[in-house]
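Encoded as structure tokens, the structure appears first; notes follow it.
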Amino acid sequence: MFQVVHHTLAEHWLAEIRNEQTPATRFREAVRKLGALLAAEVLRDAPLTETPIQTPCGLAIGRQLANQTILVPVLRAGLVYAEGMAEIIPNAIFGHIGLFRDECTHRPVPYFSKLPRKLAGTQILIADPMLATGHSAVAAVDTVLNAGAEPEQIRFLALVAAPEGVRCFEAAHPHIDIRAFALDERLNDQAYIVPGLGDAGDRLFGTC
């Protein structure tokens, strides 16, 4: 199921990354902050465990995340995005999936995958700033499922999505949640999101 996440601060930082004049350093900062904001929203209702804690003034009951969180950025654009999530998620660990888009077919080409061995009992957040055609997102989820994860463990987190990508993803994985801060108009002839924000990887790493 796809859901647009509404957050006042996210609107500010989303405007920053949409602006073609935003330099790479500022773009990276904005993407990290958006990652933190989305992770906070997604984990708002995550299960907690209670633990007695001795404070300087007495005994308190602390509530902490019950499950390990695994962040799986889709290389390369997902790296900075997931780093922002890791800043607020305690004890998060990483997996990595490497995909690049064939510019002729617009289909993903896998080149790397490294996931934690233990996936059972974890929350898995796949991070990729753009959900454009949806093919890379589907391939990333397929990789995690093939490694032993269950659909209910997985959420796909984007910044901006296109309707075509949402339809593609939901057709392949109807039981996996997608979250994004915006659903844009469409894809153009080069399969870029309109209005979108350009090539997220190139803008993050200054390779435009």
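The values are calculated or read from the model by the stated rules, or taken from the named source; none is laboratory data. The model shown is predicted, which means the values in this text are computed figures rather than measured ones. Using ideal geometry, Cβ is built from the backbone for each residue, glycine included, and neighbour counts are taken over all protein chains shown. The protein model used for the area step is the full one, side chains on, heavy atoms only, and it has no ligands, DNA or RNA in it. Shrake-Rupley method; radii C 1.70, N 1.55, O 1.52, S 1.80 Å.
Which of the listed residues, Thr207, Gly165, Ala60, is farthest toward the dipole's positive end in the chain, when Lys, Arg count +1 and Asp, Glu count -1 at the beta-carbon?
After comparing all options, I get Ala60.
Which shape class applies to region 64-118: rounded if a/c is under 1.5, otherwise prolate when a/b exceeds b/c and oblate if not, where a ≥ b ≥ c are the square roots of the Cα gyration tensor eigenvalues? Provide the component values of the computation, followed by the final result.
Values: a/c = 3.76, a/b = 2.14, b/c = 1.76.
Prolate is the answer for region 64-118, as a/c is 1.5 or above and a/b outweighs b/c.
Mind checking which of Val42, Val160, Val72 has the largest fluctuation in a GNM of the chain, springs on alpha carbons under 10 Å?
Val42
Can you give the accessible area of Asp177, probe radius 1.4 Å, in Å² rounded to 10?
Its heavy atoms expose roughly 40 Å² to the probe.
Enumerate the amide H contacts of Phe94 below 5 Å, restricted to partners 5 or more residues apart or on another chain; note that Pro and chain-start residues carry no placed amide H.
Leu71
Of the candidates Arg63, Arg76, Arg186, which one comes out as most mobile in a Gaussian network treatment of the chain with C-alpha springs shorter than 10 Å?
Maximum fluctuation in the GNM of the chain, among the listed residues, is at Arg63.
Which residue, Glu170, Glu50, Glu20, tops the fluctuation ranking in a GNM of the chain built on C-alpha contacts under 10 Å?
Glu50
Pull up all non-local amide H partners of Phe100: gap of 5 or more, or a different chain, and H-to-H distance under 5 Å with H placed in the peptide plane.
Counting only residues 5 or more places away or on other chains, the set is Val109, Tyr111.
What percent of all Cα-Cα pairs in the chain falls in each 10 Å bin, counting up from 0?
9, 35, 36, 14, 5, 1, 0
Could you pull the Rg and Dmax for region 1-91, using just the Cα atoms, both in Å?
16.5, 53
When Lys and Arg each count +1 and Asp and Glu each count -1, what net charge do the other residues less than 12 Å away from His6, Cβ to Cβ, add up to?
Values: positive: Arg179; negative: Glu11, Glu41.
Net local charge, His6 excluded: -1.
For region 103-187, what is the convex hull volume of its Cα atoms per residue in Å³? Spell out each step's value before the answer.
Values: hull volume 7.7 nm³, N = 85.
Value for region 103-187: 91 Å³ per residue.
Which order do you get for Met1, Met85, Met130 if you rank them by accessible area with a 1.4 Å probe, largest at the top? Spell out each step's value before the answer.
Values: Met1 110, Met85 0, Met130 35 Å².
The ordering from most to least exposed comes out as Met1, Met130, Met85.
If r is the Cβ-Cβ distance from Val109 to Glu87 and R0 is 25 Å, what FRET efficiency results, to the nearest 0.05? Provide the component values of the computation, followed by the final result.
Values: r = 31 Å, r/R0 = 1.22.
Approximately 0.25, to the nearest 0.05.
For region 80-208, what is the percent of antiparallel DSSP beta bridges, rounded to the nearest 5?
Bridges in region 80-208 are about 40 percent antiparallel.
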